[in-house]
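Here is the structure we will look at.
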Amino acid sequence: MASAYREIRPPAKRFERSCVSVLLWFVGRGFQAAAHVDKHVQDEVCGWKDGTIIAIGVAPCGPHMSVRKTGNRLRFLGNVKAPDADAVIEFKSLDAALLVLTGQIGIDRAYAEHRFSLKGDLFSIGMPLVRCLYIVESYLFPKSIAKKILKRWPKRSSSGFAVYFHTIFGV
Amino acid sequence: MIPSYYEFINSVKILSGKNALENIPAELRGFEARKPILLTDKMLVKIGLAQQVVDACGGSEIVIGAMYDDIPPDSSVEVVNDIVRVYREKGCDSVIAVGGGSVIDTAKGVCICLTEGTDDLLDHMGVDILRRRKTPFVVVPTTAGTGSEVTGVAVIANPAKNVKMEFVSANILPDVAVLDVRMTKSLPPRLTASTGMDALVHAIEAYTCLQRNPLSDAHAHAAINLIRKYLPRAVRDGKDEEARLAMANASLLAGVAFSNSMVGIVHAVGHACGGVLRAPHGDCMAILLPYGMEYNLSAVSERYAELLLPLAGPEVYARTSASQRAEKSIETVREMSAEYSRICGLPTKLREVGVKKEDFSAIARAAVNDGAMIVNPVEADEDDVLGILEKAY
């Protein structure tokens, strides 16, 4: 009789997966661009040792992106989860990632709601990374959305145009 | 306002009251454990508290595999790794932690290493990444303040970086917390006040941080009520068993609250003072609390207004106009600190605990990198922290 109960495979959520993948590409390129043009992002990143790799993605095998610190810059490594990442932020689901990546909730709210895990040194990498993401969000999201999800408007030293230009065309 | 989403966990079994210690063997039996390692510190061995736990296990099948008492006031990754080595050498099968926050956090670090099968705690730093603990884990707190017996947080010093590292996961919650007044009766008044104020800070910050939720609120509210009623009694008369047990419960309630809601800027700055200068944690909490509340006032004034009821009692709450309750809560906290300063010498300024102005920038830098800062209701940068330090100095 057990055969009467068939195995059910939940939907693959290909659309959400694609959206997250594209949005992570923007975050990675935006992070690289912000580190290129914004002094405050550079100040946060300069404390990381050369070669530090940050990966952000969806656990366990969803889309990811990685950036590596090289000199005073960040280099986008593509939509991959670098195996030797020093810090990994992984959203617990595609939907959790979408909440953050579409500006419905901020990083701090996502942390408070346990929407992601963070592997690595919270003190020397995690907190500067969070502050960098505040700045990147302020550049990439429309101001009305960014103001809603940020506790305070971060200090910035560049323009949204410059960050968008370098996000799309590279640094 | 109810959060659009929240998570809450407290899986710890609580044994509270008369002869609670004597039930430890029965609890270990439930886990089929019979050879625990007992973690404590030299002071607790000297004053006989560790031996009381050993005696309470008498007449049972329990054998204490080893009593490790080399845990310093600020535990470190090296100590954790050393304990793991002893645990394995002696063939232990469970952990009993008898002590304050440092001993309990060290024990959590040991459990992480044992579960993950590693000798290096540094590999497992982070938030929500740990696997479910395998080692049976009993905690007997000897202070009423840290709440570590029910928190999924471990703070362990990293001497190489001169900071305290944070491990956050529900999977490091102990199995059993044992609240027995025999463990806290000998605490001197000054330490009773300091640890009690630490519990108060846990409850107030849990009630006002971004991660707060209805269940953490209920625990925080209940904790503050008990602290208002019983901390003065416990400070004035350490032998008052009802007050001691109530404070042990208040500390536990505040611990459950902040384990599920986190703490904020007071802890971020306090951790930094401890990490940079080894300033006593409870003292820093008592000193920094009113200044941290002032900093957050604009964002959470309604929450502070609500807290006036448990902080000051129904009479004060009723006769204070609604618009003044938030400020009155801060004033009440100041009065509590001043009262304990008068009774037992609790410090009220940072300079009294060895903080120097030349250390401010290092403290501010460490504070903004503390994980507690993420959920503080108001964003803070180094300049903001420097402002708080100046006021609290």
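The values are calculated or read from the model by the stated rules, or taken from the named source; none is laboratory data. Remember, it's a predicted structure, so these values are computed and weren't measured experimentally. All Cβ positions, glycine included, derive from the backbone under ideal geometry; neighbour counts span all protein chains shown.
Give the residue, chosen from B:Asp120, B:Asp128, that is within 14 Å of chain A (Cβ to nearest Cβ), in contact (Cβ under 8 Å) with a residue 24 or more places away in the chain and in contact with a Cys (Cβ under 9 Å, 6 or more places away or on another chain).
On inspection, the qualifying residue turns out to be B:Asp120.
Scanning segment A:123-140 for residues that are of a type in the set (A, V, I, L, M, F, W, C) and more than 13 Å from the chain's Cα centre (by Cα), which turns out surrounded by the most Cβ atoms within 10 Å (Cβ to Cβ)?
A:Ile125
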- The condition from (1) at pLDDT 95 or above; (2) crowded, with 18+ Cβ neighbours inside 10 Å that B:Ser60 misses is numbered (2)
- In segment A:99-124, how many are at the interface with chain B (Cβ under 7 Å from one of its Cβ atoms), out of contact with any strand residue (DSSP E or B) (no Cβ under 7 Å at 6 or more places or on another chain) and within 21 Å of A:Arg152 (Cβ to Cβ)? 5
- Message: Would you confirm whether or not segment B:165-182 contains a residue that is in contact with a Phe, Trp or Tyr (Cβ under 6 Å, 6 or more places away or on another chain), surrounded by fewer than 23 Cβ atoms within 10 Å (Cβ to Cβ) and either in contact (Cβ under 8 Å) with a residue 12 or more places away in the chain or among the hydroxyl-bearing types (Ser, Thr, Tyr) (or both)?
- Response: yes
- Item | Unique match (being touching a residue at least 40 places away in the same chain (Cβ under 8 Å), part of a helix (DSSP H, G or I), more than 10 Å from chain A (Cβ to nearest Cβ) and under 27 Å from B:Pro189 (Cβ atoms)) among B:Ile363, B:Ile343 | B:Ile343
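Results for (1) in contact with a His (Cβ under 8 Å, 6 or more places away or on another chain); (2) away from every other protein chain (no Cβ under 14 Å), shown as yes or no for each residue.
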{"site": "A:Cys46", "(1), (2)": "no, no"}
{"site": "A:Lys49", "(1), (2)": "no, no"}
{"site": "A:Ile54", "(1), (2)": "no, no"}
{"site": "A:Ala59", "(1), (2)": "no, no"}
{"site": "A:Thr70", "(1), (2)": "no, yes"}
{"site": "A:Arg73", "(1), (2)": "yes, yes"}
{"site": "A:Leu77", "(1), (2)": "no, yes"}
{"site": "A:Ile89", "(1), (2)": "no, no"}
{"site": "A:Asp95", "(1), (2)": "no, no"}
- Message: Tell me yes or no: at least one residue of segment B:202-209 is acidic (Asp, Glu) and under 21 Å from B:Phe167 (Cα atoms).
- Response: yes
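State which residue is nearest to B:Arg85 (Cα to Cα) when the search covers only segment B:35-53 and only residues that are touching a strand residue (DSSP E or B) at 6+ places or on another chain (Cβ under 8 Å) and not in a helix (DSSP H, G or I).
Looking at residues that are touching a strand residue (DSSP E or B) at 6+ places or on another chain (Cβ under 8 Å) and not in a helix (DSSP H, G or I), I get B:Ile37.
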- Task: Consider only pairs whose beta carbons are under 7 Å apart and that are at least six residues apart or on different chains; among these, list those whose first residue lies in segment B:1-24 and is within 14 Å of chain A (Cβ to nearest Cβ) and whose second residue is polar (S, T, N, Q) and surrounded by 14 or more Cβ atoms within 10 Å (Cβ to Cβ).
- Result: B:Pro3/B:Asn213; B:Tyr6/B:Asn213; B:Phe8/B:Asn213; B:Phe8/B:Ser216; B:Phe8/B:Asn260; B:Ile9/B:Asn260
- Message: Any residue that is outside the structural domain of B:Arg212 (by TED's automatic domain parsing), of a type in the set (Gly, Ala, Ser), part of a loop (DSSP other than H, G, I, E, B) and touching a helix residue (DSSP H, G or I) at 6+ places or on another chain (Cβ under 6 Å) - is there at least one of those in segment B:54-68?
- Response: yes
- Item | Count of segment B:374-387 residues which are crowded, with 23+ Cβ neighbours inside 10 Å and in a helix (DSSP H, G or I) | 1
- In this structure, is B:Ile83 within 14 Å of chain A (Cβ to nearest Cβ) and either within 14 Å of B:Leu38 (Cα to Cα) or touching a residue at least 12 places away in the same chain (Cβ under 8 Å) (or both)? no
- Residue within segment A:133-143 that is away from every other protein chain (no Cβ under 14 Å) and charged (D, E, K, R) present: yes
- Task: Answer yes or no as to whether B:Ser194 is away from chain A (no Cβ under 12 Å), under 14 Å from the mean Cα position of the chain (by Cα) and under 27 Å from A:Ala87 (Cβ atoms).
- Result: no
